Amino acid sequence: MNVVCIGGGYVGCVTAVSFAVLGTKTTIVDINEEKINLLNSGKAPIYEPGIEQLIKQTIGNMLFATTEYDCIKEADIIFICVETPTASDGSADLSRVKKAAFEIGRNINKTKFTVIVNKSTVPVGTGDVVFAIIAEASGLKPDKDFAVVSNPEFLREGSALRDVFFPDRIVVGTNNQIAEEIMKKLYEPIVTRKNYSQLSAQYFYLKQYASDKYPIYFSTDVKTAEMIKYTANAFLAVKVSFINEIAMLCEKLGINVLEVAKGIGLDSRIGEKFLEVSPGWQGTCFPKDTSELYLTSKRYNQELTILKAAIDANWAMHRYVVEKIVNFLGCLNGKTIGILGLTFKPDTDDARRTQAQFIIPHLLSLGARIRVFDPQGMEMFKRFNPHLDIVYCNKGEDVAYMADCILLLTHWQEFKSLNWREMYRILKTPYILDARNFLSRSELEEAGFYYHGLGVGKNSGRPGR
Ligand code: UDX
């Protein structure tokens, strides 16, 4: 089989590399020449742990990259993996998906059956739109000459390779029997892990997370698959917002939310994942997907009120972080806040839409001075927020210089091993707000810090210096 992925971004790269590793000839097409040149020289155009090594191992033999659409002619399966950013009205912008569909229609091989797969996150009904564009641009008969399938991605940034090789489930929505067979064949190596032991000698990722739990291949129709993607992300966002609200209440009650989360997570109906208290959720998926789904519900006069509450609670959580600092420090005018973490979560350089992007302007508006550090996200954060008057530090410890508060927003593992004693020495007020409940409270308190988490019970008193 011959696969083409349109779009060499996050989803396109991860998808293409995984099929190449599993022995399917795969070509990435992207209009961005820089990305294609990077790929062809064995480099990753995205930051994702482990991916560069797999690109190096496959490029030129199973993986190919080009800016030309004519490779579509060779394809049995074409994945649409382009961005669907949020438009100004909050809905998903489908212009890139439509352009990809048009190029497919213009270049599709008219002598064989082709499967077009929508992997981009798209509103319910987009499968029909793609279908119509390809039919018009190619003059082919839908369902007889080609089929459009919905196969949403469930890749978490930072653990995308794990998610692609060892997924919980693979959702494939199609109304076409031939397409269904082709998709089953494509995913067979992942569903059965047939050649994993053989291939793992070459590709370390295939054995890293090996577990006994095999993925479920879930077949459904196109619209249901599209809806599953939105519902999954909305549900996870609700889950995080829910525990975040509980955390705020726990704080008032003097109860530790970590114990509460553990106690409820042990119930298999609830599950322990996505109960980590945070300064709210962000990233490239949750905000745009919750926004689009909520708008859809309004459009159909069936408002998703729980989803709306989760979105509102998320903004409240961003504000709560600032309120906690104000409660402790009083007026922030002229005070210095040292921020650790600019990405929306650890193990990614993705700083396009992050908690820090909302919390920092709020702190600045209250007169605070801001010093920041992130192991991977500084460059992107700066690029997306050129207007912010903040100091970018060379190492984590430096955010503490003359600071009145250290605010941890992203739980990068390496923050645990910062030289906290040195930080204590150079800061002004030894106050830490750990908005991920991640650092060791006892060690920090022992070192003289005044430690606050979110919802972790009574806050310790101001230490004498
Ligand atoms: C998400 C979905 O998980 C993935 O399946 C989908 O395909 C793409 O969107 P991603 O955005 O990479 O993946 O990150 P995820 O790990 O889901 O985290 C989303 C946000 O929720 C982050 O800001 C994270 O910090 C926050 N979060 C997550 C919490 O605040 N608490 C948690 O317990 C889990």
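Quick note: the coordinates plus some simple rules give every number you see, no bench work behind them. Worth saying up front: this structure is predicted, and the values here are computed from it rather than measured. With ideal geometry, Cβ positions are generated from the backbone for all residues, glycine too; neighbour counts draw on all protein chains shown.
In units of the compact-protein estimate 2.2 N^0.38 Å, the stretch 2-220 shows a Cα radius of gyration of 0.97.
Taking each of 110/144; 345/428; 119/223; 35/98 in turn, the alpha-carbon distance tops 18 angstrom for 345/428; 35/98. For the stretch 134-274, the percent of C-alpha pairs falling in each 5 Å distance bin, counted from 0 to the bin holding the largest distance, reads 2, 8, 13, 14, 14, 14, 12, 9, 6, 4, 2, 1, 0, 0. Rank 85, 71, 148 by how far each Cα sits towards the positive end of the charge dipole of the stretch 70-172 (+1 on Lys, Arg Cβ; -1 on Asp, Glu Cβ) and give me just the farthest. Result: 71.
Between residue 269 and residue 249, the contour length at 0.36 nm per residue exceeds the Cα-Cα span by 4.9 nm.
Rounded to the nearest 20 debye, the dipole size of the stretch 248-337 about its Cα centre is 200 debye, using +1 on the Cβ of Lys and Arg and -1 on the Cβ of Asp and Glu. With kT/(6 pi eta Rh) evaluated at 37 °C and eta = 0.692 mPa s, and Rh the Kirkwood radius from Cα pairs, the chain diffuses with a coefficient of 138 µm²/s according to Stokes-Einstein.
I want the antiparallel fraction of DSSP beta bridges within the chain, as a percent rounded to 5.
Just about 5 percent of them are antiparallel.
Each principal axis of the Cα cloud of the stretch 13-67 was evaluated for its coordinate range; sorted largest first, these ranges are 26, 22, 16 Å. Largest first, the extents of the alpha carbon coordinates of the stretch 92-209 on the three principal axes equal 46, 32, 23 Å. Using C-alpha pairs under 8 Å with a sequence gap of at least 6, the mean separation divided by the residue count of the stretch 263-350 gives a relative contact order of 26 percent. Under the combined filter of DSSP loop state and at most 14 neighbouring Cβ atoms within 10 Å, the stretch 289-369 retains these chymotrypsin sites (Phe, Trp or Tyr not before Pro): 300.
Both numbers refer to the Cα atoms of the stretch 151-192; Rg and Dmax are 11.4, 35 Å.
Using the crude model of +1 on Lys and Arg Cβ and -1 on Asp and Glu Cβ, and no other charge, please compute the dipole size for the chain relative to its Cα centre, in debye to 20.
Values: 54 positive and 53 negative charges, 93 e Å.
It works out to roughly 440 debye.
Ordering 313, 100, 233 by Cα displacement along the dipole of the chain toward the positive end leaves 313 in first place; charges were set at the Cβ atoms of Lys, Arg (+1) and Asp, Glu (-1).
Here the mean projected area of the convex hull built on the C-alpha positions of the stretch 193-309 is 10.8 nm².
Each of residue 2 and residue 40 was given a label point 7 Å from its Cα along the Cα-to-Cβ line. The distance between the two points is 1.9 nm. Pairs of alpha carbons in the stretch 1-107 separated by more than 25 Å make up 18% of all such pairs. Dividing the Cα radius of gyration of the stretch 376-421 by 2.2 N^0.38 Å, with N the residue count, gives 1.24. Measuring r between the beta carbons of residue 175 and residue 110 and using R0 = 25 Å, the FRET efficiency lands at 0.70. In summary, the stretch 255-465 shows an alpha-carbon radius of gyration equal to 1.06 times the 2.2 N^0.38 Å reference for compact globular proteins.
Shape of the stretch 329-373 from its Cα gyration tensor (a ≥ b ≥ c, root eigenvalues): rounded if a/c is under 1.5, otherwise prolate when a/b > b/c, or oblate? Prolate.
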